Amino acid sequence: MENKLHSHSFAGKTSNTEDHIHQYSGKTDETSDQIGHIHYIEGSTTLEEGHVHYYRIATSPAIYVNGGHYHVYMGNANFAKNHVQILAGDTSFYKKN
C-alpha cells in the first residue's frame, strides 16, 4: 500500500467569547496516510475587536469512512485581550485516487 503525503483543508468560526467570534481557515501540515496518523492545524484568526488569536492544534487520528478519511480537532487559540477562543471542527475528506 502506498502512503502518499497529503493534507486537508479546514475552516470555521471560534467560540463566542467576550461577545465576538473570529473566523479561521487553512490547510493542515502534510503527513503520510498511515493508520492512526494525525495532522496539525496552525495559523491565525481574522482580526476582530482589534486583535487576532494564533493557534497550533493536533487533530484526532484519521477517521476512516467510505474509502477515505477525515479528522476532527478542538483546542484553544492563544490568550489575547484577556481571553482565549476555542476552535473545533472537522477537516475536509481525503480519498486516495
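Since every read-out is calculated from the coordinates, none of them should be taken as a lab result. Please read all numbers here as calculations on a predicted model, not as lab measurements. Every residue, glycine among them, receives a Cβ derived from its backbone with ideal geometry; neighbour counts consider all protein chains shown.
Of the lysine pairs in the chain, how many meet both conditions: Cα atoms under 23 Å apart, and a spacing of 8 or more in sequence or different chains? The partial results should precede the final answer.
Values: Lys4/Lys27; Lys4/Lys95; Lys4/Lys96; Lys13/Lys27; Lys13/Lys81; Lys27/Lys95; Lys27/Lys96.
Taking the chain as the scope, the lysine pair count is 7.
Approximating the spin labels as points 7 Å out from Cα along Cα→Cβ, the Gln23-to-Ser60 distance works out to 2.6 nm.
Across the range 56-71, rounded Karplus estimates of 3J(HN,Hα) from the backbone phi angles (6.51 cos²θ - 1.76 cosθ + 1.60, θ = phi - 60°) give 8, 9, 7, 7, 5, x, 4, 10, 8, 7, 6, x, x, 7, 8, 9 Hz, Gly and Pro being marked x. Toward the positive end of the charge dipole of the chain, with +1 on the Cβ of Lys and Arg and -1 on the Cβ of Asp and Glu, the farthest Cα among Gly89, Asn3, Tyr55 is that of Asn3. Each principal axis of the Cα cloud of the range 30-71 was taken in turn, and the coordinate range along them, longest first, works out to 43, 18, 14 Å. Label 7 Å along Cα→Cβ of Ser15; the range 34-71 residues with amide nitrogen under 17 Å? Taking a point 7 Å out along Cα→Cβ of Ser15, the residues of the range 34-71 whose backbone N falls under 17 Å are 45, 53-58.
Do you know the relative contact order of the range 29-97, to the nearest whole percent, from alpha carbon pairs under 8 angstrom that are 6+ apart? Numbers along the way, then the final one.
On the way: 125 pairs, mean separation 16.6, N = 69.
Contact order relative to length: 24 percent.
Note on Ile86 and Ser7: their simple-model spin labels are 2.8 nm apart, each label 7 Å out from Cα toward Cβ. Its residue count N fixes a reference of 2.2 N^0.38 Å for the range 18-97, and the Cα radius of gyration divided by that reference is 1.24.
Rounded to the nearest 20 debye, the dipole magnitude of the range 5-95 is 140 debye, with +1 charges on Lys and Arg beta carbons, -1 on Asp and Glu beta carbons, and the Cα centre as origin.
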